[in-house]
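The values are calculated or read from the model by the stated rules, or taken from the named source; none is laboratory data. Since the structure is predicted, the reported quantities are computational estimates derived from the model, not experimental observations. Counting neighbours? That spans all protein chains shown, and the Cβs are built from the backbone with ideal geometry, glycine included. These accessible areas exclude ligands, DNA and RNA; they are computed on the full protein's heavy atoms, side chains included. Shrake-Rupley method; radii C 1.70, N 1.55, O 1.52, S 1.80 Å.
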Amino acid sequence: MVIREFVDEYNRKALEWLHQDYEHLGKQLRRRGVDIEPLTARVTGFRVAVPSWGVGTGGTRFARFAGPGEPRNVFEKLDDCDVINKMVRTTPGISLHIPWDEPESPAELKAYATARGLFIDSMNSNTFQDQPGQKLSYKFGSLAHTDSAVRAQAIEHNVRCLELGQQLGARSHTVWIGDGGNFPGQVHFRRALERYLESLRAIYAALPDGFRLFIEHKLYEPAFYSTVLNDWGTSYHCTRELGERALSLVDLGHHAPNVNIEMIVARLIQFGKLAGFHFNDSKYGDDDLDSGSIKPFQLFLIFNELVDAELEKTKGFDPAYMLDQSHNVTDPIESLMTSAVELVRAYVQAQLVDREALREAQERNDAIQALALLKQAFTADVAPILAMARQRAGGAVDPVAAFRASGYRARKAEERPAAARQGAGIV
Ligand code: LRH
Ligand code: MN
C-alpha cells in the first residue's frame, strides 16, 4: 500500500475528534476576533527544508550508533525525505551536502526528486573534512588558510558545488567553514578574516544567476579558541562587503548559551541580510537536537520576529527555513517530522500575537501587558490547526503514529543491510 493510501486509511480513525477539536479552537479564537480558516490556509504554504545528512543516524566524536535501515546513498536519503513530506506536507525541499551526496548523474538525481514531488533546496559545501585523494589538507583551515594553494582548492570545490547546484535546480549555496585556532596566537584574527573574505569574493563572483550565497557563522567547534566567522556581526560585515546576494544564515546552535538569538534575527531582518535558518535546539553547545525540544519559547520568539516582518512586508524579507540536526538516539524520520511540526506550531502561535495591542503596550512601556500578549499566543494549543492543515494537504493527522504503523522502518531494515561501519562523527 503506497504511503498516501495508508495515510488516508490511518487518518480515518482520527477525523472525528480532529473536527471536534478544530471547531472548539475555532470558537475560542473567534472570541479573540481571530478567524481560524485563514490561519490554517497560511500553514499549508509553510515550507522548511530537510537536511539530507539528517535522515541517517548522527553521532558525536565519541561514537555513532547506526539505527536499522540506514540510507546508504543519496537516493535512499530522498526515499526517506519523501516519507517525511508525505506525512507532514511541509518539507518538499531537500538540502544537499557535497561530497556526501555527490551524484554520478545530476540529471538522474533531479528527476528522482521531481518524481517524488521533492526539489533540491540549498547546496552545502564541505571544506571541513579531507576527502580520499585530496591534494592539500584542511587541517589548518580552508577558505582562510595561510596557504593560497589550499584556499584555491577550497574555492574550486565551492565553484564545483555551484555548478552542480545549478544542474540540480538549487537556488542557494551555503558555506560553513570550521577555520580557526585552538590556542592564543595560533591565528592572526584580522589577516585570517581578510583571507576568508578574499576567498568568498571569488565564490560570490561565480554565483549562477538567481543564486544566493548564505554564509554561516559559528562561535566554536571544531576550533576551540578562535573561529574565523565567529558571530553574526562578522557575518553581517562580510555579506555587506560581498554584495546583495550574500546573506547571513543563522544556525540556532552556533551561539554562546543565553545569547538573544531572536534579537540577532531582528537585526538581520532590519539590515536586509537575513538568509534564513538552520533550525535545531541545544542545551549547551552545538548539540543539533530536535527543534523546539529544549527551548520552545525561544523558537516562538524567533518566529514572532519573522511573522512581524512578514506582516509588515519588510523589504528583502525572504528567509530560507532549513532544519540542521543530528539524530543520535531517535529514528531520524520521526525526529525530522516532529521538528517540522514544531516549526509550524511556532509559526502559527506567532500569528496569534495581537500586534496592535502589543504596539500600544510597547509605546506606553507596559512590560507586563506586552509579555502577557506574547504568552497568550505562545500558550495557545494550536495542534488542531496543524493537524487539519496536514490532513487537508494529504498528510497524516498524527505523523509519528502513522509512520510507526506503516512498518516503513522495519521494511527498510530488511532492504538495507546494516552498514558494517560504526565509527564516530556527526554522520
Ligand atoms: C556546522 C553545521 C553546518 C553543516 C554541518 C553539517 O556545525 O551546522 O551547517 O555543514 O553542521
Ligand atoms: Mn548548520
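Assorted remarks:
- Accessible surface of the chain [probe 1.4 Å, protein heavy atoms]: carbon and sulfur percent: 53 percent
- Distance between the pseudo-spin-label points of R359 and D381 (7 Å out from Cα toward the beta carbon): 3.3 nm.
- Beta bridges from DSSP with both residues in the chain: antiparallel share about 10 percent, rounded to the nearest 5.
- Total charge dipole magnitude, the chain, about the Cα centre, Cβ charges on Lys, Arg, Asp, Glu only, Debye to nearest 20: 120 debye
- Placing +1 on the Cβ of every Lys and Arg and -1 on the Cβ of every Asp and Glu, with no other charges, gives the range 167-276 a dipole of roughly 200 debye about its Cα centre.
- Each of the peptides 142-152, 401-411 was scored by the mean count of other Cβ atoms within 10 Å over its residues; in descending order, highest first, they stand as 142-152, 401-411.
- Just so you know, the averaged projected area of the alpha carbon convex hull for the range 21-159 sits at 13.4 nm².
- Taking the charge dipole of the chain about its Cα centre, with +1 at Lys and Arg Cβ atoms and -1 at Asp and Glu Cβ atoms, the residue from L29, N124, L200 reaching farthest to the positive side is L200.
- The residues of the range 9-83 have, on average, 52 Å² of accessible surface per residue, using a 1.4 Å probe with all protein chains present.
- Placing pseudo-labels 7 Å out from each Cα toward the beta carbon at R416 and R245 gives an inter-label distance of 3.4 nm.
- Each of A113, V83, L311 was placed along the dipole of the chain (beta-carbon charges, centred on the mean Cα), and the one lying farthest toward the positive end is L311.
- Pairs exceeding 32 Å between alpha-carbon atoms, taken from K135/K295; K110/K412; K27/K273: K135/K295; K27/K273.
- Signed unit charges on C-beta, dipole axis of the chain, positive-most listed residue T330, V344, T174: T174
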